[in-house]
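Report on the following structure.
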Amino acid sequence: MLFASTPILKAADTPPSSVPSRIHTLDGLRGFLALAVLFHHGAIYHGYLKTGIFALPPSRFYTDLGEAGVAMFFMITGYLFWGQILASKGHPELRRLYIGRVFRIVPLYAFLAIIVLAVVGFMTGWEAREPYPVLIKNILKWLSGGIVTGSEVNGDSSPSIVGGPAWTLHFEWLFYASLAITSLFARSRIGAIVLPAVGFSGSAILLWRHPGDLYLSALLLFSIGMLCAAAKRLAHDIKIPDWGSSMVALAALSAAFFIFDGVYAVQPIIVIGIAFACISVCNTSIFGLLLTRPAKRAGDISYGIYLLQMPVFFIVFSSDNVRGLSNESPLAHWAIVVMVGVLVLMVSTFAHVAIERPGIAVGKVIAARYSEKRSVMV
C-alpha cells in the first residue's frame, strides 16, 4: 500500500468527474480484497514449492484471507448490480448492461488466456500431447471469457496455477445472466426486497445441509449483496458514526478469521456479511482506511491485481535461485511475495491503462449506439 501511494501508480487514478456516483468505500475495499487474495496465494506457493501440490495452506488465517476476499467480491457484485436494477425500477437496459460487462471483463481476461496458452505451449514444447478434439475443447474453455471454467490444456496442469482466480468469473456470469429474470421482481417494492431475502434464506438452508457447495455459497453471497442494496435504497439516509460502524465491521471480520475454519459456510458468510453491510449500507470507511489514496488506487486496478497475480507468481518462482531463496526461511519467502506484490501493482496499472480502460470505452460506445438505434426504432 505504501508503494501504491507513490506517483508510479498515478496513472491508475480514476478522474473524479468520470464516475460521479462511485461508492468510494467499496472502491477502497476492492483494493484490500485483491491484495488479500494475493497473500493467500503467496502462502499457497510456499507449500507448492515444497510439495509440488497446489493446495490450500495449513494456516487457517491465510486460507480465510483468500476465501474472504473472493466472498466479498461476490457481495460487491450483488450489491452494485441489484442496485442498478432497483434504480431502473426493474426495467434495466439488459443488452446495454451485458455489452458493458463483456467489454469490462473479457479484454483483460483474454490477455490472461493468451499468457496461459503461451505457458502451456512453452511447457509442452509446442507439441500436441492429447487428441486434437480434446485439445481444442480445452483451449476453447480458456477462450470463453470465463463463462466456462478452464482447466488443464494439452495434458499440462500449468493453466490451473497460472489462471488462478479466473474460476470465479463463471459465477459472475451466472449472476449477470440471472438478472434477466430477477429484474422482473424489482418492479415492485415488495419483490425488490423479498427476492434477495428468499435467495438468502433458501441458499443458507441448502448450504447448511450441503456444506462446501460453491454454487450455494455464491448464491448466498450474491443474495447478501442484493439485500444490502435493497436496504441502502430503503434507508438511504441512515446515519451511524463511522467509528462505531468501523468497530462493528472489524469485529465481524475478526470473528470470521479467528473463529471459523474456512469461509464458504453459512455462519462465516453471515458474519462477513455484517462487515460488508457496514461498508456498503453505512459507508463505513474502517477509520478512514478505505478512503485513502493508495486504497482507491489499488481498488481501481483490483481486477488486474486479482486476475494477473498468478502469472507474476509463476514467472518469479520459475527461477531456481528464487525458489532456493524462498525455501531458506519464511522471512525470505514473504520478502519475495512482497516483491511479487509490487510487480503485480505495476503490471496491473499498465493493464488498466492499456487494456481495461480502452475496453470499457469501446463498450460504452457500442452500448450508446445500440441505445440510439433503439430510441429511433421506438
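The values are calculated or read from the model by the stated rules, or taken from the named source; none is laboratory data. On a predicted model such as this, the values are computed, not experimentally measured, just so you know. Quick reminder, even Gly has a Cβ in these numbers, built from the backbone with ideal geometry, and neighbours come from all protein chains shown.
The figures follow:
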| item | result |
| --- | --- |
| Filter result for the condition that a residue is farther than 19 Å from PHE276 by Cβ, among the aromatic types (Phe, Trp, Tyr) and in contact with a helix residue (DSSP H, G or I) (Cβ under 7 Å, 6 or more places away or on another chain), over PHE39, PHE32, PHE74 | PHE39 |
| Residue within the range 144-164 that is in a helix (DSSP H, G or I), touching a His at 6+ places or on another chain (Cβ under 8 Å) and either surrounded by 20 or more Cβ atoms within 10 Å (Cβ to Cβ) or not small (Gly, Ala, Ser) (or both) present | yes |
| Any hit, the range 150-164, residues being within 18 Å of ILE105 (Cα to Cα) and β-branched (Val, Ile, Thr) | yes |
| Test result for ASP13, surrounded by fewer than 15 Cβ atoms within 10 Å (Cβ to Cβ), among the acidic types (Asp, Glu) and either farther than 27 Å from ILE270 by Cβ or in contact with a Lys or Arg (Cβ under 8 Å, 6 or more places away or on another chain) (or both) | yes |
| Filtered residues of the range 315-349 (kept if touching a residue at least 60 places away in the same chain (Cβ under 8 Å) and out of contact with any Phe, Trp or Tyr (no Cβ under 9 Å at 6 or more places or on another chain)) | ASN327, PRO330, THR349 |
| Selection from the range 135-163 of residues that are without any contact (Cβ under 8 Å) to a residue 40 or more places away in the chain, within 12 Å of ILE114 (Cα to Cα) and in contact with a Gly (Cβ under 7 Å, 6 or more places away or on another chain) | TRP142 |
| Identity of the residue in the range 193-224, β-branched (Val, Ile, Thr) and either closer than 15 Å to LEU86 by Cβ or in contact with a Phe, Trp or Tyr (Cβ under 8 Å, 6 or more places away or on another chain) (or both), that ends up surrounded by the most Cβ atoms within 10 Å (Cβ to Cβ) | ILE224 |
| Condition broken by ILE305, with the remaining ones in (1) without any contact (Cβ under 8 Å) to a residue 40 or more places away in the chain; (2) in contact with a helix residue (DSSP H, G or I) (Cβ under 9 Å, 6 or more places away or on another chain) satisfied | (1) |
| Search result, residues across the range 256-300 that are more than 18 Å from THR63 (Cα to Cα) and in a loop (DSSP other than H, G, I, E, B) | CYS282, ASN283, THR284, SER285, ILE286, PHE287, GLY288, THR292 |
| Residue match in the range 296-317 (condition: surrounded by fewer than 24 Cβ atoms within 10 Å (Cβ to Cβ) and among the polar types (S, T, N, Q)) | no |
| Contacts under 6 angstrom Cβ, first residue in the range 101-113 being within 10 Å of ALA166 (Cβ to Cβ), partner surrounded by 20 or more Cβ atoms within 10 Å (Cβ to Cβ), 6 or more apart | TYR109/GLY146; LEU112/LEU307; ALA113/TRP142 |
| Check on PHE260, at pLDDT 95 or above and either under 25 Å from ILE8 (Cβ atoms) or out of contact with any strand residue (DSSP E or B) (no Cβ under 9 Å at 6 or more places or on another chain) (or both) | no |
| Single residue of the range 53-90 satisfying the filter (part of a loop (DSSP other than H, G, I, E, B) and either of a type in the set (Ser, Thr, Tyr) or within 11 Å of the chain's Cα centre (by Cα) (or both)) that is nearest to TYR215 (Cα to Cα) | SER59 |
| Of residues in the range 178-192 being surrounded by 14 or more Cβ atoms within 10 Å (Cβ to Cβ) and small (Gly, Ala, Ser), the one farthest from MET123 (Cα to Cα) | GLY191 |
